[in-house]
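K.L.:
One structure, as structure tokens, below. Some questions next.
The values are calculated or read from the model by the stated rules, or taken from the named source; none is laboratory data. Treat the numbers as computed from the prediction; the structure is a model and nothing was measured. Note that we place each Cβ from the backbone using ideal geometry, even for glycine, and neighbour counts take in every protein chain shown. Calculation scope for accessible area: heavy atoms of the full protein, side chains included, ligands and nucleic acids excluded. Shrake-Rupley method; radii C 1.70, N 1.55, O 1.52, S 1.80 Å.
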Amino acid sequence: MEVYQHIKTGNFYLKLDEAKNCTNANDGQQMVFYCEYGKENPLKFVRDKKEFLEKFKVIELS
């Protein structure tokens, strides 16, 4: 799994998986499933993959 940083807020998130949106209006849309990084009970989110890649950057943890 990869860790990403939100470009605007600086917050960290863990990319969990990718999925295909099968809702009629958005059928075939690629989605990213991710959660807050480093939290005991992290919130989970989904976002359009293209938007995710525009708003987040992958980071290297040492």
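K.L.:
Quick one: how many residues across the stretch 18-38 are closer than 16 Å to V3 by Cα and among the acidic types (D, E)?
P.N.:
The qualifying residues number 2.
K.L.:
Working only within the stretch 39-53, note down all residues that are open to solvent by 80 Å² or more (accessible area, probe 1.4 Å) and either over 11 Å from the mean Cα position of the chain (by Cα) or closer than 12 Å to E2 by Cβ (or both).
P.N.:
Within the stretch 39-53, K39, E40, N41, L43, L53 meet the criteria.
K.L.:
Mind listing whichever residues of the stretch 18-28 are of a type outside the set (A, V, I, L, M) and on the phi < 0 side of the Ramachandran plot?
P.N.:
Residues satisfying the conditions are E18, K20, N21, C22, T23, N24, N26, D27.
K.L.:
Looking at the stretch 1-37 only, could you name the residues that are open to solvent by 80 Å² or more (accessible area, probe 1.4 Å), outside any strand (DSSP E or B) and either in contact (Cβ under 8 Å) with a residue 24 or more places away in the chain or not polar (S, T, N, Q) (or both)?
P.N.:
Correct list: M1, I7, K8, C22, A25, D27, Y37.
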